[in-house]
Amino acid sequence: MAKGTLFVMTGASGVGKGTLRARLMERVKLYYSISMTTRPPRPGERHGVDYWFVDRERFLALREQGAFLESAEYVGRFYGTPRAPVERHLAKGEDVLLEIEVEGAKQVKARAPELGIHAVFLFVVPPSLSELRRRLLFRSGHLDEAKLREIEARLARAEREIAEAGELGFDYVVVNDVLEEAVAALDRIVRSERLKAYRQQEALARALVRHPELEAELDEMERWMVDRGGTRD
Ligand code: 5GP
């Protein structure tokens with residue numbers, strides 16, 4: 001069976017990756033890889049659903065053991081993709097979705113060939129930096145000095161990542177301005193990737209099959225048409 005495709009969705013924090021992911025997964029079947037992080041949960045976030053929330057010691061120990069496909073530090077916290085579930089689902093022919101930042105995406109890009117993983121890199125951008133700032137402010141609720149500094153750090157990082165996007169060599173760039181349009185674009189990307197030749201080996205093999213019963217019927221029809229000295233009518 002053909003292995004699944006690894007879709008790596010990258011984009012600044014606050015650009016709406018979480019919403020896009022949820023909406024995309026209503027339209028196409030994908031296994032979402034739940035990341036591990038050392039940052040504390042935000043209100044409403046659940047362990048094992050949004051993230052695996054762990055402490056720094058545990059994270060570093062797992063990283064030491066090679067348990068992550070990639071990992072990165074982001075604004076003072078660690079984030080990583082547990083490797084085993086990703087490989088298991090890809091091996092079953094299922095497509096897997098990662099939602100990670102740029103450093104992690106670079107690591108996946110570097111390792112994918114040696115791991116025999118076909119990865120497709122999607123970069124989600126805001127319509128503008130100001131719009132991103134508006135979204136980050138909007139979702140933060142009550143603002144204090146620490147939160148303000150974190151927003152500034154996230155904005156600065158977003159600016160750098162977007163400026164450097166060309167270097168990573170993303171396969172697709174999706175602007176998250178009108179949500180429905182961005183979801184539709186991601187949907188089309190996933191469906192198109194599934195039509196790529198490397199995923200269509202079974203369809204190619206089936207296309208070469210001759211069915212004995214149908215062949216026999218066609219033989220008979222062919223003889224009949226020849227006997228009538230022409231076409232069917
Ligand atoms: P947040 O704290 O806003 O949930 O995530 C911060 C950033 O870390 C986001 O850009 C998010 O995509 C990224 N991130 C989440 N999980 C992972 C992961 O497993 N690996 C990497 N490299 N980045 C991640």
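Take VAL120 and decide whether it is under 21 Å from the mean Cα position of the chain (by Cα), under 12 Å from SER13 (Cα atoms) and open to solvent by less than 60 Å² (accessible area, probe 1.4 Å).
For VAL120, the condition - under 21 Å from the mean Cα position of the chain (by Cα), under 12 Å from SER13 (Cα atoms) and open to solvent by less than 60 Å² (accessible area, probe 1.4 Å) - is not met.
Check ARG77, ARG83 and return the single one that is modelled with pLDDT of 95 or more, open to solvent by 10 Å² or more (accessible area, probe 1.4 Å) and farther than 23 Å from ALA163 by Cα.
Exactly one of ARG77, ARG83 is modelled with pLDDT of 95 or more, open to solvent by 10 Å² or more (accessible area, probe 1.4 Å) and farther than 23 Å from ALA163 by Cα, namely ARG83.
Suppose we filter GLU114, GLU152 for residues that are within 25 Å of the chain's Cα centre (by Cα) and surrounded by fewer than 14 Cβ atoms within 10 Å (Cβ to Cβ); which single one remains?
Selected residue: GLU114, the only one of GLU114, GLU152 that is within 25 Å of the chain's Cα centre (by Cα) and surrounded by fewer than 14 Cβ atoms within 10 Å (Cβ to Cβ).
Given the criteria aliphatic (A, V, I, L, M) and without any contact (Cβ under 8 Å) to a residue 60 or more places away in the chain, does ALA203 qualify?
When the stated conditions are applied, ALA203 passes them.
Return the residue satisfying two criteria in turn: it lies in segment 39-51 and is within 10 Å of the ligand (Cβ to nearest atom) and either in contact with a strand residue (DSSP E or B) (Cβ under 6 Å, 6 or more places away or on another chain) or hydroxyl-bearing (Ser, Thr, Tyr) (or both), and of such residues it is least open to solvent (accessible area, probe 1.4 Å).
In this case the residue turns out to be ARG39.
In segment 198-212, is there at least one residue being of a type in the set (Lys, Arg), open to solvent by 50 Å² or more (accessible area, probe 1.4 Å) and under 30 Å from PRO40 (Cα atoms)?
No.
Any residue in segment 70-89 that is touching a residue at least 40 places away in the same chain (Cβ under 8 Å) sitting within a Cβ distance under 6 Å of a residue that is among the aromatic types (Phe, Trp, Tyr) and within 11 Å of the ligand (Cβ to nearest atom)? List the pairs, counting only those 6 or more apart or interchain.
Listed by first residue and then by second, the contacts come to PHE78/PHE59; GLY80/PHE68; THR81/PHE68.
What single numbered condition from (1) loosely packed, with under 10 Cβ neighbours inside 10 Å; (2) farther than 30 Å from LEU122 by Cα fails to hold for MET221?
For MET221, the exception is condition (1).
Hey, does segment 132-142 have a residue that's of a type in the set (S, T, N, Q) and over 30 Å from VAL15 (Cβ atoms)?
No, there is no match, as no residue in segment 132-142 is of a type in the set (S, T, N, Q) and over 30 Å from VAL15 (Cβ atoms).
When you scan segment 22-38, how many residues do you find that are away from the ligand (no atom under 13 Å from the Cβ) and β-branched (Val, Ile, Thr)?
Residues flagged as away from the ligand (no atom under 13 Å from the Cβ) and β-branched (Val, Ile, Thr) within segment 22-38 amount to 1.
How about segment 22-38: which of its residues are open to solvent by less than 30 Å² (accessible area, probe 1.4 Å), closer than 24 Å to ARG199 by Cα and part of a loop (DSSP other than H, G, I, E, B)?
Matches in segment 22-38: VAL28, LEU30, SER33.
Consider GLU167 carefully, then state whether it is among the acidic types (Asp, Glu), touching a residue at least 60 places away in the same chain (Cβ under 8 Å), out of contact with any Ser or Thr (no Cβ under 7 Å at 6 or more places or on another chain) and over 21 Å from PRO43 (Cα atoms).
no
THR19 passes all but one of (1) open to solvent by 30 Å² or more (accessible area, probe 1.4 Å); (2) at pLDDT 95 or above; (3) within 13 Å of the ligand (Cβ to nearest atom); which number fails?
(2)
Within segment 66-121, track down each residue that is out of contact with any helix residue (DSSP H, G or I) (no Cβ under 7 Å at 6 or more places or on another chain), near the ligand (Cβ under 8 Å from one of its atoms) and in a loop (DSSP other than H, G, I, E, B).
Within segment 66-121, GLU101 is the sole residue that qualifies.
The values are calculated or read from the model by the stated rules, or taken from the named source; none is laboratory data. All values reported here derive from a predicted model rather than from experimental measurement. Note: ideal-geometry Cβ built from the backbone for every residue, glycine included; neighbour counts use all protein chains shown. Quick note on the areas: whole protein, heavy atoms, side chains included, nothing else; ligands and nucleic acids left out. Shrake-Rupley method; radii C 1.70, N 1.55, O 1.52, S 1.80 Å.
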